[in-house]
Every structure is written in C-alpha cells, then in structure tokens.
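In what follows, a single structure is set out as structure tokens and then discussed.
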Amino acid sequence: MISRRTFLASTLASAAVLDVHAAQKSPEGAAEKPLNAARAKVYFTRDLSAEGPLKLYARVSGGISGKTALKLHTGEPHGPNIIPREWVKTFQASVPCTIAECNVLYDSPRQKTAGHRETLKTNGWTFSPVDIMDEDGDAALPIRGGKWLKEVHVGKHLLNYDSMIVLTHFKGHTMGGFGGCLKNVAIGCASGSLGKLELHREGTQTWAGGPRFMERMVEGGKAVVDHFGQRITYLSVMRRMSVDCDCVGTAAEEPTVKDIGILASTDILAIDKAAVDMIYALPEKERHALVERIESRSGLRQLSYMRELGMGTDQYDLVEI
C-alpha cells in the first residue's frame, strides 16, 4: 500500500509541476512548449462553464473516432452535484456522442431500467438519447494481469461503440474514498446485476471495502481501458466536490472544498493523480474532510495499483489552458 508520507512527498513534487506550468499557459491556438515525452500531459482549465470541457477535449480527442459513448454519471433523483445538463448539451452539439450509463447494484430507482429512465427524466436528461448499456444484458471483458478477477461483465451495449469519452465528476465516495475517472469506467460500465457484484463482492460479503476493493475496481477499469485502447479519453470536472458520491443524491454532504476547474488527459492514472494532488494542495482546513474520506477508505490504492498494472503513469506535466 502507498503510505501517506510517500503520497504527500509525491504531491509536493506535483505541486511544483503546477507552479512551473503556471507560467506555461497555452492559450487556445498557441503552440505549446515541448514537454518531457516520458511524462503524461494533463490539461487544466479554470473555466467552469459549458465551454470548459470543449476547450480541453480539443487537446485530447486524437484517438476518438466512429460511434462514441459519453460515459458520465447522470445521478440519483434531484442530485445536487452532478455535471450540469447544459454543459453536456453544449458538448454534444460539437462532439457527436451518446450518453451511456448502466443500472446500479444498490437499492435505487436506477436499479432497473424502467426506474432508471424515470430518473433520467427527473434529472433533465431529456435532450439526448441515453443508452443504458445493460438494458439488454451484459458481456464479459477479459482482465489481463488481474490477481482477483479474470473477467468483468459490462453492459452489453458497450461493445457497440468504437470509442469512449469519459466525462467524470470528481468527488469523494463512501466506499472508494474518491470517485475519479477510474471509478467512472470501472463501476460505471459494469452491468448492474452482475458486473458491479463481481467488483464489490469479496467471498460472501457483497459490500466489501478497503484495499482489495480498490484493486478489484482497478481491474474492472483495466478491462474497459484495454478494450478501447487508444480510443478512450478522459475529462474530470472538479466542482461541487462533496465527500459523497452522486449516487447518494440529495443526502450528499455539502462540499467543503472550493470549485477548482476541469482536467483532461489521455492517461487515466495521470488525470486521477492530478485531481487528487489538487485536493491535497488545498489548505488543510479546507481539504480535511475530503482527504479523511480518501484515506479512511484506502482510496489512494486506486492510484498505486493502476501504476502496478501499467494503466498509465503518475508522472505528469500540467498544462493550463
């Protein structure tokens, strides 16, 4: 397991990267300064508006082609923290893609497709078709190199897509510590009745948490990332960051951290590491609740196990747009 001391040392190094690249802003249309090719690029904007995701997507969209899924969390009824619908509507006006979701395992209207579709209406996702990918069942994806799982079942419709854009609302999470891009593709693409059970279950215990849950979640994410290869990219929205996931709905605790901005990368580990680094770089009083949530659930194991499985790099350069 990664220790807090080791992680904080890494965070300080990443904060230095933030300072270095604050002077290396890359205005739209301007050439970027050359960066270390061995490090991932993570793009960042403070523009928390409908235009923000589009600015960043232009920098990370090179591998996206064909029929494209837009994987996001559409939320429980009246959820206060989900990504604004107008942002997604604006994004889809420029980027042809289909909102894609899966049913859930926990007790919720979204556990079954009919109730899930009613929740979509309640939450205003009526401007675009939404593909509930496990509506017609599931399909198995292999997990290469997993120590807990050899395959995970995803929503069957995932196989209909050539590419995937992962649009994530970064926040805390009751079991995961934090919910970043990894959780969005792992739990989010797993089928509600089987795949999510495979990731959550340990022996006879369905809702087993801790480091081994983080590892199973990473393995599930690896199956999706490997499936799409170069045809997957990631955006992470850092606003309304409660310690609770959007799956908690109206019961989510009010955020204690400020809104920060939006990140984008083609590297899933780098973008989740950058988001966590930004949280740890906040003043202690502000970050305390979210950091406590992350550490008390062994959430940092997501990052170290992604590195061990070769899912990306935690060494990155931050480029502010």
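The values are calculated or read from the model by the stated rules, or taken from the named source; none is laboratory data. The model shown is predicted, which means the values in this text are computed figures rather than measured ones. Neighbour counts are summed over all protein chains in view; Cβ atoms, including those assigned to glycine, are modelled from backbone coordinates with ideal geometry.
Observations
- Filter pass, V104 being at pLDDT below 95, aliphatic (A, V, I, L, M) and either in contact with an Asp or Glu (Cβ under 8 Å, 6 or more places away or on another chain) or under 25 Å from M175 (Cα atoms) (or both): yes
- Complete set of residues in segment 285-301 that are of a type outside the set (K, R), assigned to a helix (DSSP H, G or I) and touching a strand residue (DSSP E or B) at 6+ places or on another chain (Cβ under 6 Å): L290, I294
- Checked against (1) surrounded by fewer than 21 Cβ atoms within 10 Å (Cβ to Cβ); (2) in a helix (DSSP H, G or I), G52 meets all criteria but (1).
- Listed by position, the strands (runs of 3 or more DSSP E) inside segment 75-192 whose residues that are buried (at least 21 other Cβ atoms within 10 Å of the Cβ) and touching a Leu at 6+ places or on another chain (Cβ under 8 Å) number at least 1 are 98-101, 138-142, 151-155, 163-169, 171-173, 177-179.
- Taking the criterion of being without any contact (Cβ under 8 Å) to a residue 60 or more places away in the chain and not in a loop (DSSP other than H, G, I, E, B), the only residue of segment 245-268 that qualifies is A251.
- Filtering S128, S163, S191 for residues that are more than 24 Å from V291 (Cβ to Cβ), touching a Cys at 6+ places or on another chain (Cβ under 7 Å) and hydroxyl-bearing (S, T, Y) leaves a single hit, S191.
- For segment 273-321, a residue qualifies if it is surrounded by fewer than 16 Cβ atoms within 10 Å (Cβ to Cβ), within 25 Å of V60 (Cα to Cα) and free of Cβ contacts under 8 Å to residues at least 40 places away in the same chain, and exactly one does: E308.
- Selection status of L197, surrounded by 24 or more Cβ atoms within 10 Å (Cβ to Cβ) and either over 16 Å from the mean Cα position of the chain (by Cα) or of a type in the set (A, V, I, L, M, F, W, C) (or both): no
- Residue within segment 223-240 that is surrounded by fewer than 24 Cβ atoms within 10 Å (Cβ to Cβ), more than 23 Å from G79 (Cα to Cα) and in contact with a Lys or Arg (Cβ under 7 Å, 6 or more places away or on another chain) present: yes
- Residue match in segment 220-237 (condition: in a strand (DSSP E or B), under 12 Å from K71 (Cβ atoms) and free of Cβ contacts under 8 Å to residues at least 60 places away in the same chain): no
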